[in-house]
Amino acid sequence: TVKAQGKNGVRASGEALVEESARRSRLARDLPGAIARGQLRLVHQPVAGTAERRILGVEALVRWDHPVHGPVSPEEFIGLAEDDGLIVPLQRWVLETATAEHARLVAGGRDLKLGVNISVRHLQARCLVEDVTRALERSGLPARMLMIEVTESVLMDDDERLVAELAELSALGCIVSLDDFGKGYSSLAYLARLPVQVLKMDRGFVSGIDTDPRGAALVGSVVDLGRTLGMDVVAEGVETPEQMALLTALGCRFLQGWLIGRPVPADELAAVVDGFDAARLEVPVPVAVP
Ligand code: C2E
Ligand code: MG
Ligand code: MG
Ligand code: MG
C-alpha cells in the first residue's frame with residue numbers, strides 16, 4: 001500500500017518497504033521458537049447448514065501472538081514457515097491441538113465436523129497421512145469428523161502423488177475439501193478426478209454476489225458444478241443477510257462467514273454452537289436472483 005502521495009511519496013513507500021522487510025526478518029527469526037513458547041493458538045469459526053438449520057462444523061484457524069508485533073495473520077507467517085522448513089512441525093501442532101480441542105467439544109454429544117487447513121508442503125513431505133492418523137488416534141476423534149482443507153493452488157502442479165495422498169486421507173474416512181475454490185485455475189477435467197468431497201467457494205465470489213448480476217450467475221454455476229460432481233459447496237465470507245438470501249436462492253446450503261459467526265477461542269465454542277439461533281438463517285423476503 002502506498003502510504004503517502006506527492007513529494008514524499010517515493011521516500012514514504014521506500015521506508016515502508018524497509019519496515020516491511022525488517023518485520024519479515026524479525027518474524028522469520030522468531031517463528032522457530034513460537035510453538036515452544038506457546039505463542040500459537042487456534043480460533044474456530046462456525047459453518048452453518050441452511051437445510052439442517054444448525055452449526056454443522058467449525059474451521060480451525062491458526063494465530064500467532066508475537067510478543068512485539070501482536071497478533072500476526074496466518075496469511076503472513078504460513079508462507080514464512082513454508083520457506084523455512086517449519087511448516088511440518090507447525091502443521092503437526094495445528095492438527096494435534098485442533099483435534100484435541102474438537103474431541104472435547106464433541107464429547108458432549110455434539111455432531112460437528114472439524115476443518116483443518118493444510119499446506120501443500122505438508123502433502124509434499126509425504127507424512128501428512130501419518131500425522132493425521134496420529135492426531136486422530138491421540139485425540140480419539142473419529143476420522144469422519146475431520147475435514148482436511150487444501151487450497152486449489154496445491155493441485156496446480158498436477159502431481160499424481162499428491163492426489164494419491166489425498167485419496168489415502170479419504171480412505172481413512174476423512175473429508176477432503178478444496179479451499180478458496182475458484183480463485184485459481186483448476187481445470188474442470190482435473191477437478192472431476194480429484195478425491196474431494198467439498199468445494200469451499202472463495203470469498204471473492206460471495207462479495208460481489210449482491211451487486212453484480214454476473215457475480216450471482218458465477219455462484220450459481222459453482223453450485224451447479226458441485227451438484228454435478230457430487231460435492232457439497234460451502235460459501236466462504238458470508239457477511240450480509242442479502243448475500244445469505246441470494247446464496248440460499250442459488251441453492252448453496254452451507255455458509256461460513258461473519259454473518260454466521262466470527263472465529264472464537266475453543267473455550268467459547270460450545271456456547272456459540274449451542275446458542276446458535278436458527279432464525280438467523282431465515283430469509284425474510286424471497287429474493288429474485290438477478
Ligand atoms: P481460509 O482457509 O480460506 O480461511 C478463511 C479466512 O477468511 C480466515 O482468515 C477467516 O478468518 C476469514 N473470514 C471468515 N469469514 C469471513 C468474512 O465473513 N469476511 C472476511 N473478510 N473474512 C472472513 P484467516 O484466519 O486470517 O486465515 C487466512 C488463511 O490462512 C486461511 O484461509 C488459510 O488458507 C490459512 N490458514 C489458517 N490457518 C491455517 C493453518 O493452520 N495451516 C495452514 N496451512 N494455513 C492456515
Ligand atoms: Mg480453510
Ligand atoms: Mg478459504
Ligand atoms: Mg481464503
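The values are calculated or read from the model by the stated rules, or taken from the named source; none is laboratory data. Predicted model, so just to flag it, every value in this text is computed and none were measured. Cβ coordinates were reconstructed from backbone atoms using ideal geometry, including for glycine residues, and neighbour counts include every protein chain displayed. SASA here: full protein model, heavy atoms, side chains in, ligands and nucleic acids out. Shrake-Rupley method; radii C 1.70, N 1.55, O 1.52, S 1.80 Å.
For region 197-206, which residues satisfy the criterion of being open to solvent by 10 Å² or more (accessible area, probe 1.4 Å) and either aliphatic (A, V, I, L, M) or within 16 Å of ligand 1 (Cβ to nearest atom) (or both)?
Val198, Asp202, Arg203, Gly204, Phe205 - these are the residues of region 197-206 that are open to solvent by 10 Å² or more (accessible area, probe 1.4 Å) and either aliphatic (A, V, I, L, M) or within 16 Å of ligand 1 (Cβ to nearest atom) (or both).
Give the residues of region 223-233 that are open to solvent by 20 Å² or more (accessible area, probe 1.4 Å) and either touching a Gly at 6+ places or on another chain (Cβ under 9 Å) or within 23 Å of Ala279 (Cβ to Cβ) (or both), sorted by residue number.
Selection gives Asp224, Arg227, Asp232.
Condition first: touching a helix residue (DSSP H, G or I) at 6+ places or on another chain (Cβ under 6 Å), under 20 Å from Pro89 (Cβ atoms) and at pLDDT 95 or above. Now tell me which residues in region 34-71 satisfy that.
Answer for region 34-71, where residues must be touching a helix residue (DSSP H, G or I) at 6+ places or on another chain (Cβ under 6 Å), under 20 Å from Pro89 (Cβ atoms) and at pLDDT 95 or above: Leu40, Leu42, Ala60, Val62, Trp64.
Kindly list the number of the only condition in (1) open to solvent by 20 Å² or more (accessible area, probe 1.4 Å); (2) among the hydrophobic types (A, V, I, L, M, F, W, C); (3) within 16 Å of ligand 2 (Cβ to nearest atom) that fails for Val272.
Just one mismatch for Val272, condition (3).
If the requirement is being under 15 Å from the mean Cα position of the chain (by Cα), open to solvent by 30 Å² or more (accessible area, probe 1.4 Å) and either within 16 Å of ligand 3 (Cβ to nearest atom) or on the phi < 0 side of the Ramachandran plot (or both), which of these qualifies: Glu168, Glu149, Glu75, Glu101?
The match here is Glu75.
May I ask you to list the residues in region 244-263 that are surrounded by 16 or more Cβ atoms within 10 Å (Cβ to Cβ) and within 14 Å of ligand 1 (Cβ to nearest atom)?
Across region 244-263, the qualifying residues are Met244, Leu247, Phe254, Leu255, Gln256, Gly257, Leu259, Ile260, Gly261, Pro263.
Within region 234-243, restricting attention to residues that are within 17 Å of Ala51 (Cα to Cα) and without any contact (Cβ under 8 Å) to a residue 40 or more places away in the chain, which residue is surrounded by the fewest Cβ atoms within 10 Å (Cβ to Cβ)?
Gln243
From the list Ala135, Ala189, Ala167, which residue is small (Gly, Ala, Ser), within 16 Å of ligand 1 (Cβ to nearest atom) and either touching a His at 6+ places or on another chain (Cβ under 9 Å) or in a helix (DSSP H, G or I) (or both)?
From the options Ala135, Ala189, Ala167, the qualifying one is Ala135.
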